[in-house]
Amino acid sequence: MTAGQLDARGAVQRLARSTRALIVGHQRPDGDSLGSQLALAELAAALGVPAVVVNRDPAPATLDELPGRDRVAVGDSLPEGFPQAFDLVVAVECPEPDRAGFPGLDRLPILNIDHHPANPLYGEVNYVDADAPATGELVWRMFRAAGVKPSAAAATNAYVALSTDTGDFRYSNATGRAFRAAAEMVDAGADPTLVAGWIHGRRKAAAVLLLGEALSTLRLEAEGRIAVIELDVAAFRRAGAAPEDTEDIINHPRAIDGVRAVVFLKQWEQAAVRVSLRSAGAVDVRRIAERFGGGGHANAAGCTLDGDLPSAREAVLAAVRETLEAAL
């Protein structure tokens with residue numbers, strides 16, 4: 001039986017009933033996913049619940065300094081003993097269970113913690129709030145509901161989640177709620193200057209080379225209102241880069257004066273093209289992503305298309321042009 005959308009207390013109560021939990025995030029984890037997982041693992045421990053944190057893909061190098069980062073297992077299979085050795089799966093920032101990249105998670109009850117508006121409430125218990133600025137803010141509320149004082153490490157991980165998903169408090173989800181949560185996290189020990197240094201102060205050489213590859217393909221469409229960049233298999237090879245090195249690239253064309261929407265096409269393996277979409281104002285890219293089986297938020301979404309890169313570009317650009325015209 002699937003419970004309806006619950007508050008933080010309901011999520012805490014379900015977590016506390018577990019004897020051993022598996023905490024998973026979405027494929028190609030970002031700051032919100034990984035930071036939320038790590039903060040949640042501390043809360044689980046405080047509740048007396050052993051937890052194992054697992055991701056399908058490695059996180060970007062910019063997240064290497066997150067407290068507890070070394071406890072995350074990365075691989076294409078679930079931990080030995082699954083499902084018998086666990087009694088709960090906690091899906092963090094996964095709008096659908098398959099976003100974690102592990103088949104069979106539904107063999108156990110799922111606690112679904114997310115802020116994507118299209119989340120279908122697939123868990124036994126669902127703590128899903130589309131008004132939350134980040135999933136990390138929901139996890140932060142769970143500490144308060146549990147009466148558990150978060151450590152500086154948990155505050156830091158939650159702050160990373162919040163700051164990255166709000167674009168350093170520059171996106172439309174940087175609401176008063178986001179700033180109030182950030183203030184609480186800082187008071188609990190998060191250091192914004194330190195976090196900014198991790199996220200923005202350094203890059204692997206391969207990531208910088210990959211940025212150059214992407215920007216060399218920049219095209220402006222629709223009288224400069226749409227920016228398109230792309231990376232094919234050869235570009236990844238030339239840069240010596242991996243999929244996680246694409247983090248933050250999309251924000252460069254997004255900053256161009258007059259651009260209302262950005263299409264970023266990435267093909268690091270044949271026959272599949274990942275598409276990231278960003279927009280400003282009333283251009284709802286989530287609806288575009290949903291046309292192609294993806295999802296996300298109104299101004300930040302993504303999807304995956306089978307086939308070659310030119311075909312994917314043509315299909316997605318047509319949808320973006322249509323949406324842009326309708327929004328004007």
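Taking Thr193, Thr19, Thr156 as the candidate residues, the one with maximal mean-square fluctuation in a Gaussian network model of the chain, Cα springs under 10 Å, is Thr193.
How big is the convex hull of the Cα atoms of the range 133-248, per residue, in Å³?
Numbers: hull volume 14.6 nm³, N = 116.
Roughly 126 Å³ of hull volume per residue.
Taking the radius of gyration and the Kirkwood hydrodynamic radius from Cα positions alone, what is the Rg/Rh ratio for the range 37-119, to two decimal places? Display every interim value, and only then the final one.
Values: Rg = 12.9 Å, Rh = 13.8 Å.
Radius of gyration over Kirkwood radius for the range 37-119 works out to 0.94.
Using a 1.4 angstrom probe on heavy atoms only, work out the carbon and sulfur share of the accessible area of the range 71-181 in %.
Numbers: 2130 of 4290 Å².
With neighbouring chains kept in place, the figure for the range 71-181 is 50 percent.
Only helices enter this figure: runs of n ≥ 4 DSSP H residues, each worth -39500 (n - 2.57), summed and divided by the residues of the chain, yield -11000 deg cm²/dmol at 222 nm to the nearest 500.
Over the chain, what is the mean sequence separation of C-alpha contacts under 8 Å (at least six apart), divided by residue count, expressed as relative contact order in percent? Spell out each step's value before the answer.
Numbers: 669 pairs, mean separation 46.7, N = 328.
So the answer I get is 14 percent.
For the chain, the share of DSSP beta bridges that are antiparallel, to the nearest 5, is 45%.
Shape of the range 180-228 from its Cα gyration tensor (a ≥ b ≥ c, root eigenvalues): rounded if a/c is under 1.5, otherwise prolate when a/b > b/c, or oblate? Oblate is the answer for the range 180-228, as a/c is 1.5 or above yet b/c matches or exceeds a/b. Residues considered: Asn119, Asn299, Asn251. Largest GNM mean-square fluctuation over the chain, using C-alpha springs under 10 Å, is found at Asn251. Put one equal scatterer on each alpha carbon of the range 98-168, apply the Debye formula with no solvent term, and list log10 I(q)/I(0) at q = 0.15, 0.23 1/Å to two decimals. For the requested q values the scattering log ratios are -0.59, -1.11. From the largest down, the range 280-328 spans 30, 20, 14 angstrom on the principal axes of its Cα atoms.
Using only Cα atoms, figure out Rg for the range 245-298 and give it as a multiple of 2.2 N^0.38 Å. Working shown, then result.
Numbers: Rg = 11.8 Å, N = 54, 2.2 N^0.38 = 10.0 Å.
Normalised Rg, Cα atoms only: 1.17.
Treating the Cα atoms of the chain as identical point scatterers in vacuum, please give the log10 of the normalised Debye intensity I(q)/I(0) at q = 0.08 Å⁻¹, two decimals. Results for the chain at q = 0.08 Å⁻¹ read -0.35.
Rounded to the nearest 0.05, what FRET efficiency do Arg287 and Ala183 have when you use their Cβ-Cβ distance and R0 = 25 Å? Mind showing how you got there, number by number?
Working: r = 34 Å, r/R0 = 1.35.
Between Arg287 and Ala183 the formula returns 0.15.
Note the direction-averaged projected area, equal to a quarter of the hull surface, for the Cα convex hull of the range 18-160, in nm². Intermediate values should be presented prior to the final figure.
On the way: hull surface 30.3 nm².
Result: 7.6 nm².
The values are calculated or read from the model by the stated rules, or taken from the named source; none is laboratory data. All values reported here derive from a predicted model rather than from experimental measurement. Backbone-built Cβ (ideal geometry, glycine too); neighbour counts: all protein chains shown. These accessible areas exclude ligands, DNA and RNA; they are computed on the full protein's heavy atoms, side chains included. Shrake-Rupley method; radii C 1.70, N 1.55, O 1.52, S 1.80 Å.
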